[in-house]
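Colleague: Handing you a structure now.
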Amino acid sequence: MDEFWSTLLATIIGAAFAGAFTMLIFTRETRQAYQARLDDALAGIVLAIPARVRELDQYQKLLDEAEDNESSEAPAAELLAPGPYELGVRLEAARMIARGEDAKTLGEVASAFYSLVSLHPKAQRARLSQLPELMRKWRHGELGKQPWSTFSRFAFDVDRRAGFSAPVGDE
């Protein structure tokens, strides 16, 4: 009987060890898969910025042409600015993936991006060029323990330049 209990105890300990090891590996793989999905989504945002810049350049060209030719059929005031469709959709898709602190930071990235939309095309273009570097610094841990505050300040700076009030947010 003594041999039975020692075998049973060894089996239980072995099973517990195997279960804990399996959970550890599974948790690590799940975290790595999450990070990869989020990084892919963020890379998609960064890669969509050049298309947005091209749209803004085309719109600025139309504005310049309308200004040069005031008798044109479409006065500058009536030209419809390009919407941030592709970039906005990619940003929202990334927000659906993000969890915890990443979700909070990506919310501030969204605020920073959407604050750009009201700016003049040249100002949007200049500010858009700063987002990829800030996003890279965030993902590499270079923005400190509260990376969302960097994007919040970025959005506030854009809003201030555009004449809007500060965004409401917690830091």
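The values are calculated or read from the model by the stated rules, or taken from the named source; none is laboratory data. Values in this document were obtained by computation on a predicted structure and should not be read as measured data. Positions of Cβ are generated from backbone atoms using ideal geometry, with glycine treated the same way; all protein chains shown enter the neighbour counts. The protein model used for the area step is the full one, side chains on, heavy atoms only, and it has no ligands, DNA or RNA in it. Shrake-Rupley method; radii C 1.70, N 1.55, O 1.52, S 1.80 Å.
Colleague: Restricting to the range 20-39, give me the number of residues that are among the charged types (D, E, K, R) and loosely packed, with under 13 Cβ neighbours inside 10 Å. Talk me through it step by step, then tell me what you get.
Modeller: So the first thing to find is which residues in the range 20-39 are among the charged types (D, E, K, R), and the list is 28-29, 31, 37, 39.
Right, trim to loosely packed, with under 13 Cβ neighbours inside 10 Å and you get 28-29, 31.
The qualifying residues number 3.
Colleague: Evaluate the following for LEU56: is it open to solvent by 100 Å² or more (accessible area, probe 1.4 Å), of a type in the set (A, V, I, L, M) and farther than 21 Å from GLU108 by Cβ?
Modeller: Working: open to solvent by 100 Å² or more (accessible area, probe 1.4 Å): no; of a type in the set (A, V, I, L, M): yes; farther than 21 Å from GLU108 by Cβ: yes.
Taking the combined requirement at face value, the residue does not satisfy it.
Colleague: Consider the range 114-133. How many of its residues are part of a helix (DSSP H, G or I) and more than 10 Å from the chain's Cα centre (by Cα)?
Modeller: So the answer is 12.
Colleague: Let me ask another. In the range 22-34, is there at least one residue being in contact with a helix residue (DSSP H, G or I) (Cβ under 7 Å, 6 or more places away or on another chain), assigned to a helix (DSSP H, G or I) and modelled with pLDDT of 90 or more?
Modeller: For the range 22-34, residues in contact with a helix residue (DSSP H, G or I) (Cβ under 7 Å, 6 or more places away or on another chain), assigned to a helix (DSSP H, G or I) and modelled with pLDDT of 90 or more: absent.
Colleague: Just checking, does the range 92-113 include any residue being closer than 23 Å to ARG153 by Cβ and either assigned to a loop (DSSP other than H, G, I, E, B) or in contact with a strand residue (DSSP E or B) (Cβ under 7 Å, 6 or more places away or on another chain) (or both)?
Modeller: Here is the first cut: in the range 92-113, the residues closer than 23 Å to ARG153 by Cβ are 92, 94-95, 98, 100-113.
From what is left, the residues that are either assigned to a loop (DSSP other than H, G, I, E, B) or in contact with a strand residue (DSSP E or B) (Cβ under 7 Å, 6 or more places away or on another chain) (or both) are 98.
Yes, the range 92-113 has at least one match.
Colleague: If you check LEU80, LEU63, which single one turns out to be outside any helix (DSSP H, G or I) and either open to solvent by 70 Å² or more (accessible area, probe 1.4 Å) or farther than 29 Å from ARG153 by Cβ (or both)?
Modeller: Details: LEU63 fails: outside any helix (DSSP H, G or I).
None of the other options fit; the residue is LEU80.
Colleague: Identify the residue in the range 83-101 that is in contact (Cβ under 8 Å) with a residue 60 or more places away in the chain and in contact with a helix residue (DSSP H, G or I) (Cβ under 6 Å, 6 or more places away or on another chain) and, among all such residues, is least open to solvent (accessible area, probe 1.4 Å).
Modeller: Looking at residues that are in contact (Cβ under 8 Å) with a residue 60 or more places away in the chain and in contact with a helix residue (DSSP H, G or I) (Cβ under 6 Å, 6 or more places away or on another chain), I get ALA98.
Colleague: Which condition from (1) at pLDDT below 85; (2) outside any helix (DSSP H, G or I); (3) farther than 21 Å from ALA48 by Cβ is the one that GLU142 breaks?
Modeller: That leaves (1) as the condition not met.
Colleague: Within the range 26-51, track down each residue that is within 17 Å of GLU86 (Cα to Cα) and free of Cβ contacts under 8 Å to residues at least 24 places away in the same chain.
Modeller: Within the range 26-51, ASP40, ALA43, LEU47, PRO50 qualify.
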